[in-house]
Structures are given as structure tokens and as C-alpha cells.
Amino acid sequence: MTPFSLFLLFVKYSALCFGGGYVLIPLLSADLVGAPPRPLSPELFSRIISVSQVTPGPVFINVATFVGFQQAGFFGSLGATCGAVLLSAPLVILAVKLLRKYESGVLVRGFFRGMRPASFGLILAAAWIFFELSVLGGPVPWFEPARISELKIDFAAAGIFAAALVLLGKTKINLTLLLIAAAVAGAFLCR
């Protein structure tokens, strides 16, 4: 991909970025991940998302930067990152101004009532994509039941996932500490 095509691609995503960066992961996955001509393998996409989560800054901007660099070096990174912020920054400013003025209006309340469940659904889809990539070794072949036996379940990753889920649900563990512990466990268990 060229720096300009990356710019245009992330401008498109920037216009759709309601609900945060995680909402865009299913869209990014659909457009960028798979067999050639799609530019990213599921494993590389999983790595990009993982690194984007632990580096400072918004996940969407980090993903744009990493995907751009992966595809076209420094200028690809610059193009994708500029595309990611081009529309989102002015849209946020406009949204804040409009919300202050019309927040009690019926249409605005209805807008958010419709956007919340859709955003939640996209976040759940992103969580499922992460689960497939990190625990199941790839997408579940829903419409090809004979291929389900081809899934390569990573039992160490499944154990880390289960431990993280239990710790998050039952304790007040620091999230940074949890991520560090999971990374260390993964370094030794998930080879």
C-alpha cells in the first residue's frame, strides 16, 4: 500500500470512529487481514493490536501508525496517522459543541440510544477477534464445520486468558500489573 492509500483508508476509518478505537477493529480486520491481496496476516494483525494496547496513546492512532509503518515505512506511518486524526479531531470538537447545545433534545438522546448498543456490539466483535487470534490460532470457520478440527488451540494462552478474566472479576488488580504478568507468562508458556 502507498502512503496516500493508507492516508485515505484511515480517513475513512476516522469518520467511523464512534465509540473508540476498539470499535474499528472488526472493520480493520475485514479490510486488512487475510490471505493476499490483503496486506496483513492474522498473526501480524494480532501483534499490531497487542503493541498498540501497551504503547501510550489512543489505540486507533497507534494501530494506524503501526499498520502504516508495516506497509510503507516512515511515510506510510505518517500518512496513516494523519488520516486517522484528520477527521476525528474536528468531529470531536464539533460533537462537544453540539452536545452542549442539544444534549436534552429527543434526536440526540435517540442517537446515543442507537449508537451505544451498536458500539457495544462492535467492541464484543473486537474481543472475539482477539480471542480467535490469541487462543484459537485463527478465525473460526463457522460455515465449514469440517474445518473446526483445524483450529490450533493454544492452551497456555487460554490459561492466561482465564486467569486474567478471573483476576479482573474477583480482585482489584492493577491493570498494568496484570498486563505485565500476562506478558511474562506468555514469554515462558506461549512459545
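Within region 127-176, track down each residue that is among the basic types (Lys, Arg) and in a helix (DSSP H, G or I).
Going residue by residue through region 127-176, those that are among the basic types (Lys, Arg) are 147, 152, 170, 172.
Of everything in region 127-176, those that are among the basic types (Lys, Arg) and in a helix (DSSP H, G or I) turn out to be 147, 170.
Might you let me know whether region 19-30 holds any residue that is of a type in the set (Val, Ile, Thr), loosely packed, with under 15 Cβ neighbours inside 10 Å and touching a residue at least 60 places away in the same chain (Cβ under 8 Å)?
So in region 19-30, the residues of a type in the set (Val, Ile, Thr) come out as 23, 25.
With the extra rule that they be loosely packed, with under 15 Cβ neighbours inside 10 Å, the set shrinks to none.
The answer is no; no qualifying residue exists.
Which pairs turn up if I take residues in region 137-156 that are of a type in the set (Gly, Ala, Ser) and look for partners that are loosely packed, with under 11 Cβ neighbours inside 10 Å with beta carbon separation below 8 Å, at least 6 apart in sequence or on another chain?
Matching pairs, first to second residue: 137/152; 137/153; 138/152.
Using the structure shown, decide if residue 182 is small (Gly, Ala, Ser) and either closer than 22 Å to residue 21 by Cβ or loosely packed, with under 13 Cβ neighbours inside 10 Å (or both). Break it down stepwise before answering.
Numbers: small (Gly, Ala, Ser): yes; either closer than 22 Å to residue 21 by Cβ or loosely packed, with under 13 Cβ neighbours inside 10 Å (or both): yes.
Criteria met by residue 182.
Return the residues of region 112-153 that are surrounded by 14 or more Cβ atoms within 10 Å (Cβ to Cβ) and either among the charged types (D, E, K, R) or more than 24 Å from residue 53 (Cα to Cα) (or both); say none if nothing qualifies. Quick ask: steps written out before the conclusion?
Of all residues in region 112-153, those surrounded by 14 or more Cβ atoms within 10 Å (Cβ to Cβ) come to 119, 122-123, 125-126, 128-139, 151.
Answer for region 112-153, where residues must be surrounded by 14 or more Cβ atoms within 10 Å (Cβ to Cβ) and either among the charged types (D, E, K, R) or more than 24 Å from residue 53 (Cα to Cα) (or both): 132, 151.
So which of 60, 45, 66 ends up being in contact with a Gly (Cβ under 6 Å, 6 or more places away or on another chain), crowded, with 21+ Cβ neighbours inside 10 Å, in a helix (DSSP H, G or I) and not aliphatic (A, V, I, L, M)? Can you show your working first?
On the way: 45 fails: in contact with a Gly (Cβ under 6 Å, 6 or more places away or on another chain); 66 fails: in contact with a Gly (Cβ under 6 Å, 6 or more places away or on another chain).
Exactly one residue qualifies, and that residue is 60.
Of these, 181, 187, which one is without any contact (Cβ under 8 Å) to a residue 24 or more places away in the chain and either part of a loop (DSSP other than H, G, I, E, B) or farther than 25 Å from residue 33 by Cβ (or both)? Reasoning before the result, please.
On the way: 187 fails: either part of a loop (DSSP other than H, G, I, E, B) or farther than 25 Å from residue 33 by Cβ (or both).
Result: 181 is the single residue among 181, 187 that is without any contact (Cβ under 8 Å) to a residue 24 or more places away in the chain and either part of a loop (DSSP other than H, G, I, E, B) or farther than 25 Å from residue 33 by Cβ (or both).
Restricting to region 164-174, count the residues that are within 22 Å of the chain's Cα centre (by Cα), surrounded by 11 or more Cβ atoms within 10 Å (Cβ to Cβ) and farther than 13 Å from residue 135 by Cβ.
Total meeting the criteria: 1.
Right, residue 161: in contact (Cβ under 8 Å) with a residue 12 or more places away in the chain and either loosely packed, with under 15 Cβ neighbours inside 10 Å or of a type in the set (Val, Ile, Thr) (or both) or not? Working first, answer last.
On the way: in contact (Cβ under 8 Å) with a residue 12 or more places away in the chain: yes; either loosely packed, with under 15 Cβ neighbours inside 10 Å or of a type in the set (Val, Ile, Thr) (or both): no.
The answer is no for residue 161.
If residue 81 meets every condition in (1) buried (at least 20 other Cβ atoms within 10 Å of the Cβ); (2) out of contact with any Ser or Thr (no Cβ under 7 Å at 6 or more places or on another chain); (3) modelled with pLDDT of 85 or more apart from one, which number is that one?
The one condition residue 81 does not meet is (2).
The values are calculated or read from the model by the stated rules, or taken from the named source; none is laboratory data. Keep in mind that what you see is a predicted model, and the values were worked out from it rather than measured. Using ideal geometry, Cβ is built from the backbone for each residue, glycine included, and neighbour counts are taken over all protein chains shown.
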